[in-house]
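Here is the structure we will look at, set down as structure tokens.
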């Protein structure tokens, strides 16, 4: 629907609820930074292998208000030794209404996560600098593709015959 088109009307019930998406607050929920190999890591050549684990969860905290949390675990290893470990939960409160129920999980796991990720990325970058290592510039994440993979895995799981 383009911005110039009128809102859809439901048949016989008056106008459909206008979709509403409001960011109420963005905040850091939890943060951990570890540098278990320091100070030895400072003398090694900084060519780490970076592993990023990501998760998204959501909870309805009151009517039409959802807390969405992007969870990141970033592990940088040099020669099989953990140089740094960052665990972060970037959260936000979103007021969302007028969205059809089947679309809500996608809005929460894709749209909201996409809003939150740049904040998490900036925090990780700043932490690396404070830990006296080069910045960890995380690549953008395609939350739509992650959501589709998750849904496909869920469908395959529900399509498997149950053992009796």
Yes/no for residue 53 being loosely packed, with under 11 Cβ neighbours inside 10 Å, within 26 Å of the chain's Cα centre (by Cα), at pLDDT 95 or above and within 21 Å of residue 147 (Cα to Cα): yes
Enumeration of residues in region 70-95 that are surrounded by fewer than 20 Cβ atoms within 10 Å (Cβ to Cβ) and either in contact with a helix residue (DSSP H, G or I) (Cβ under 6 Å, 6 or more places away or on another chain) or within 18 Å of residue 24 (Cβ to Cβ) (or both): 89, 93, 95
Flag for residue 36 being closer than 18 Å to residue 136 by Cα and touching a strand residue (DSSP E or B) at 6+ places or on another chain (Cβ under 8 Å): yes
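The values are calculated or read from the model by the stated rules, or taken from the named source; none is laboratory data. Treat the numbers as computed from the prediction; the structure is a model and nothing was measured. Note that each Cβ is placed from the backbone with ideal geometry, even for glycine, and that neighbours are counted across all protein chains shown.
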